[in-house]
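The values are calculated or read from the model by the stated rules, or taken from the named source; none is laboratory data. None of these values were measured; they are calculated from a predicted model. Backbone-built Cβ (ideal geometry, glycine too); neighbour counts: all protein chains shown. We work out accessible area using only protein heavy atoms, side chains counted, and drop any ligands, DNA or RNA first. Shrake-Rupley method; radii C 1.70, N 1.55, O 1.52, S 1.80 Å.
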Amino acid sequence: MSAGKLAPSEKRLASSLDKQLIHELGPTEDQGLPHSISPASASPLGSVNEVATRKLLINLILTLNNTFADYDFRDLKPEDFVREASLEMVMNSLNSKIARVDDALNTEFCTKLWQALTSEMSLRECEIYSYVADLDDDALSIGKIWSVNYFFYNKKLKKLAFFACWIKSKSRSRSIEEDDDDDGMAMDSDQEMDFELDD
């Protein structure tokens, strides 16, 4: 997802979210009133008092909404995201998870993934964030054995790329669709991996 024009519905949502965040922060010194310190004013994304931080949060929400159209992420707060410590840790974590499923896939897929992202996003210049999924009701948790997601944000290039990866049991997915009351999850060979890459 790169900088560009938003659809009318996205513009309305972005404007609504920004007003909501400002309202939650309370009155400011610029309004001639004592500054109200809110828990949302300091977050993994930065100070929500700053326009750039609120814009980043809104872009993350819009990206999730566009990627998972059946879900609505508008109620997410800055605390629903974490900032990753380093690119190396992200790469090692993802490479390791994929290698546990298929070592050959790890070598080929991850090499192409990091090459594509580096070419498009200049990864060394990116801030990296993850969305902390709701384990009870979320596109990145329902029916998934595990999932990972990363937002690569290059402030200089004004680009945001989103990557999500998960593994799920086909039998588990079928049982959910059929409203099966059995909540057990079995690890077996009948599994599939889905990859999503947006840039």
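Would you please name the residue that is surrounded by the most Cβ atoms within 10 Å (Cβ to Cβ), looking only at residues in the stretch 51-93 that are farther than 21 Å from Glu125 by Cα and charged (D, E, K, R)?
Restricting to residues being farther than 21 Å from Glu125 by Cα and charged (D, E, K, R), the top hit is Asp80.
Determine whether Ala164 is open to solvent by less than 20 Å² (accessible area, probe 1.4 Å) and modelled with pLDDT under 90.
No, not satisfied.
Just give me the residues in the stretch 76-110 being in a helix (DSSP H, G or I), at pLDDT 90 or above and among the β-branched types (Val, Ile, Thr), in sequence order.
Val90
For the stretch 141-149, check the following and say yes or no: at least one residue is part of a helix (DSSP H, G or I), under 17 Å from the mean Cα position of the chain (by Cα) and among the hydrophobic types (A, V, I, L, M, F, W, C).
no
I'd like the residue in the stretch 94-135 that is open to solvent by less than 30 Å² (accessible area, probe 1.4 Å) and among the β-branched types (Val, Ile, Thr) and, out of all such residues, is nearest to the chain's Cα centre (by Cα).
Once the filter is applied, the top-ranked residue is Ile128.
Quick one: how many residues across the stretch 9-50 are surrounded by fewer than 16 Cβ atoms within 10 Å (Cβ to Cβ), modelled with pLDDT under 80 and assigned to a helix (DSSP H, G or I)?
The qualifying residues number 4.
Being at pLDDT below 85, buried (at least 16 other Cβ atoms within 10 Å of the Cβ) and of a type in the set (Ser, Thr, Tyr) is true for just one of Ser169, Ser147, Ser141. Which residue is that?
None of the other options fit; the residue is Ser169.
If we keep just the residues of the stretch 119-165 that are in contact (Cβ under 8 Å) with a residue 12 or more places away in the chain and of a type in the set (Ser, Thr, Tyr), which is farthest from Thr67 (Cα to Cα)? First the steps, then the outcome.
Initial filter on the stretch 119-165 (in contact (Cβ under 8 Å) with a residue 12 or more places away in the chain): 120-133, 138-140, 142-165.
Restricting the remaining residues to those that are of a type in the set (Ser, Thr, Tyr) gives 122, 129-131, 147, 150, 153.
Working: Ser122: 22, Tyr129: 16, Ser130: 15, Tyr131: 13, Ser147: 15, Tyr150: 13, Tyr153: 16 Å.
Among residues in the stretch 119-165 that are in contact (Cβ under 8 Å) with a residue 12 or more places away in the chain and of a type in the set (Ser, Thr, Tyr), the one farthest from Thr67 (Cα to Cα) is Ser122.
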